[in-house]
Amino acid sequence: MQDLICFSHLRWGFVFQRPQHLMSRAARDRRVWFVEEPVLGAAAPRLHRTRTPEGVDLCVPHLPDGLSPEASAQAQAALLDQLVMVEGLDAPLAWLYTPMMLPLVSTVAPRAVVYDCMDELSAFRNAPPELLLRERALFSVASLVFTGGRSLYQAKCGSHPRVHLFPSSVDTAHFGKARAADIPEPAALRGLPHPRIGWVGVIDERMDLDLLAGMARRRPDWSFVMIGPIAKIDPASVPLAPNIHWLGSRDYPDLPAHLAHLDVGIMPFARNAATRFLSPTKTPEYLAAGLPVVSTPIRDVLQTYGQAGLASMAEGPDAFVAACEAALPTAQDPERLARVDAFLARTSWDRTWAEMDPLVRACTDLPRVASRSAR
């Protein structure tokens with residue numbers, strides 16, 4: 001089976017999401033290496049390797065401080081050279097989540113390149129100015145392109161002849177544990193008044209913090225439970241109120257227990273460039289856990305879940321509070337849960353990988369990227 005090297009800007013231990021789900025499944029029948037961005041502060045360049053419980057080999061370059069971009073790239077390439085030699089890699093499959101790591105790909109002389117475009121990274125805060133140029137270069141050598149949402153597919157399908165839509169999916173069995181009546185309540189939630197209106201995910205520039213603050217002011221008797229790491233924004237910028245509870249990160253295995261003791265799952269996304277192509281994984285995760293969902297009208301959420309009657313759309317604090325109030329009585333509605341389950345039965349990360357895998361296998365029959373680039 002073709003060895004696979006994944007180049008990712010997202011660290012494996014940050015939040016368990018699309019890269020982790022897909023690479024865990026890829027590792028069931030092939031060797032998988034997950035190469036992260038460098039960690040600075042080492043006395044000399046070295047490649048730190050660990051093995052995940054899913055069988056993925058994590059590779060984290062540790063580099064000295066103060067290296068120029070050119071020296072950093074050279075050091076990372078040298079570490080990858082060593083990995084190729086030690087592991088006997090011969091024309092592996094290269095899988096990228098960021099165009100910024102494209103210069104490293106030629107180091108491993110891949111048989112084929114897959115670009116799994118899960119976000120419009122150029123729209124994110126502090127995006128490198130050369131990202132779009134790198135993405136165009138990646139399109140020119142990629143054998144296959146996947147996109148993580150419909151709007152992103154529509155934006156990218158004209159850039160490459162083989163672009164395939166694979167929207168965010170869900171591990172229904174994992175999040176379905178939240179529906180069990182006897183699941184213990186996590187200590188961090190004990191004593192918080194109901195209703196509990198909850199968020200689970202990264203807290204960054206994509207969240208409308210003013211909307212959250214406005215809801216908390218309007219319903220001081222509600223508990224707003226915010227679970228997830230704060231990234232790319234000043235932690236001091238998040239709204240503080242007696243009824244907003246910032247719990248920080250939770251491990252993936254612990255999420256069902258937290259969701260089981262919430263009443264509504266919310267997605268108060270801002271309407272900005274970073275959310276224009278967003279297809280949040282948390283939507284089906286909330287639904288699998290049995291929670292009603294209220295979101296701002298992000299296009300992919302609206303078209304996939306809103307129009308199917310599986311999520312409520314609202315803008316502004318008054319409308320969002322009203323939508324949550326309307327959703328609360330439906331939490332245990334058997335008819336709603338039956339519609340949710342019928343919808344989720346059509347998607348899973350296992351099914352997504354099963355549909356991706358034949359496309360990946362076929363693209364490894366194409367010429368090596370290194371020889372194609374040399375022409």
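Some notes on this structure:
- Any hit, the stretch 85-97, residues being hydroxyl-bearing (Ser, Thr, Tyr) and over 19 Å from Thr364 (Cα atoms): no
- Set Pro129, Pro110, Pro103, Pro53: member being crowded, with 19+ Cβ neighbours inside 10 Å and either part of a helix (DSSP H, G or I) or not assigned by TED's automatic domain parsing to the domain that holds Phe277 (or both): Pro110
- Residue within the stretch 184-201 that is over 17 Å from Val225 (Cβ atoms), under 18 Å from the mean Cα position of the chain (by Cα) and not polar (S, T, N, Q) present: no
So that you can scan it fast, the table gives a plain yes or no per residue for (1) in a helix (DSSP H, G or I); (2) crowded, with 22+ Cβ neighbours inside 10 Å:
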| position | (1), (2) |
| --- | --- |
| Leu10 | no, no |
| Phe34 | no, yes |
| Asp65 | no, no |
| Met85 | yes, no |
| Leu89 | no, no |
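- Residue match in the stretch 302-313 (condition: in a loop (DSSP other than H, G, I, E, B), surrounded by 15 or more Cβ atoms within 10 Å (Cβ to Cβ) and modelled with pLDDT under 95): no
- Scanning the stretch 274-289 turns up one or more residues that are more than 19 Å from Gln20 (Cα to Cα) and surrounded by fewer than 20 Cβ atoms within 10 Å (Cβ to Cβ).
- Residues being more than 20 Å from Pro292 (Cα to Cα), of a type in the set (Lys, Arg) and crowded, with 17+ Cβ neighbours inside 10 Å - total across the stretch 181-218: 1
- When the stretch 334-366 is limited to residues that are outside any helix (DSSP H, G or I) and exposed (fewer than 12 other Cβ atoms within 10 Å of the Cβ), the one that is modelled with the lowest pLDDT turns out to be Asp365.
The values are calculated or read from the model by the stated rules, or taken from the named source; none is laboratory data. On a predicted model such as this, the values are computed, not experimentally measured, just so you know. Note that each Cβ is placed from the backbone with ideal geometry, even for glycine, and that neighbours are counted across all protein chains shown.
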